[in-house]
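Structure first, commentary second.
The values are calculated or read from the model by the stated rules, or taken from the named source; none is laboratory data. Note that the structure is a prediction, hence the values are computed from the model and not measured. As a convention, Cβ positions derive from the backbone with ideal geometry for all residues, glycine included, and neighbour counts pool all protein chains shown.
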Amino acid sequence: MSISKIDTGYLDGKLLVAMPTMGDPRFKKAVILLCAHSEAGAMGILLNRTLDALSFDDLLEQLDIPIAGKPSHIKIHFGGPVDTERGFVVHSTDLLYETTLVIGDDMALTATVDMLKTIAGGSGPESSFLALGYSGWGPGQLEQEIQENGWLVVDPDTEIVFGPELETKWDIAVHKLGIDPTLLSGDVGHA
């Protein structure tokens, strides 16, 4: 089943790829899945940072969610600096809840404990990861950052979103635009 969206001019479902000129060190070489974008602002999840201090199984134990079968090797992502105690599951669209936000044909976002219980029970979506926190922008802020060459906008694919190799996601995303990452300069305004 294909889920179609009306083109609104907003960037929902696109990837934001940080330029080398990105001033905020939290977003150096960041790749962000833009989950929601409107005149009210934008919200996205970082795809290439993990939280190594907490395992998925430890989190399930803290939430009193039983784990079916053997321990999981799911990594918890650092979704961004906003609301870092809040969890979001980015997943394939083969399992949707009423509260799920469909991001594109192949991706969705669910922020309920029900999804964690389903994953812990062994019947979760085909592809998924958990992120704590998110990246957020106020009205017009993201558009301004894009105009100032802080971000490249790239079409998403499941390899970048769900692929396990976090350290190569930035390079893969830049290559999707046909750009050699080594040619991107950190110097602005110099030829």
*Out of the residues in segment 140-173 that are part of a helix (DSSP H, G or I) and aromatic (F, W, Y), which is nearest to the chain's Cα centre (by Cα)?*
F162
*Residues being farther than 21 Å from H73 by Cα, in contact (Cβ under 8 Å) with a residue 12 or more places away in the chain and charged (D, E, K, R): count how many of those fall in segment 97-142.*
2
*Hey, among the residues in segment 66-84 that are in contact with a Leu (Cβ under 7 Å, 6 or more places away or on another chain) and either exposed (fewer than 14 other Cβ atoms within 10 Å of the Cβ) or of a type in the set (V, I, T) (or both), which one's modelled with the lowest pLDDT?*
I74
*Pick from V153, V161, V174, V102: which is in contact with a helix residue (DSSP H, G or I) (Cβ under 6 Å, 6 or more places away or on another chain), closer than 17 Å to L33 by Cβ and modelled with pLDDT of 90 or more?*
V174
*How do the pairs read when you match residues in segment 145-174 that are acidic (D, E) with residues anywhere that are assigned to a loop (DSSP other than H, G, I, E, B) and at pLDDT 90 or above, using Cβ under 8 Å and keeping only pairs 6 or more apart or on different chains?*
D155/K14; E167/N48
*asked:* Name the residue that is farthest from I32 (Cα to Cα), counting only residues in segment 105-118 that are of a type in the set (S, T, Y) and over 13 Å from the mean Cα position of the chain (by Cα).
replied: T118
*Mind checking whether some residue in segment 110-126 is within 24 Å of K169 (Cα to Cα), modelled with pLDDT of 95 or more and either among the aromatic types (F, W, Y) or in contact with a strand residue (DSSP E or B) (Cβ under 9 Å, 6 or more places away or on another chain) (or both)?*
yes
*Among residues belonging to segment 121-179 that are within 12 Å of L15 (Cβ to Cβ) and of a type in the set (F, W, Y), point out the one that is surrounded by the fewest Cβ atoms within 10 Å (Cβ to Cβ).*
W170
*Looking at S55, S92, which one is under 21 Å from E165 (Cβ atoms), among the polar types (S, T, N, Q), more than 15 Å from the chain's Cα centre (by Cα) and surrounded by 16 or more Cβ atoms within 10 Å (Cβ to Cβ)?*
S55
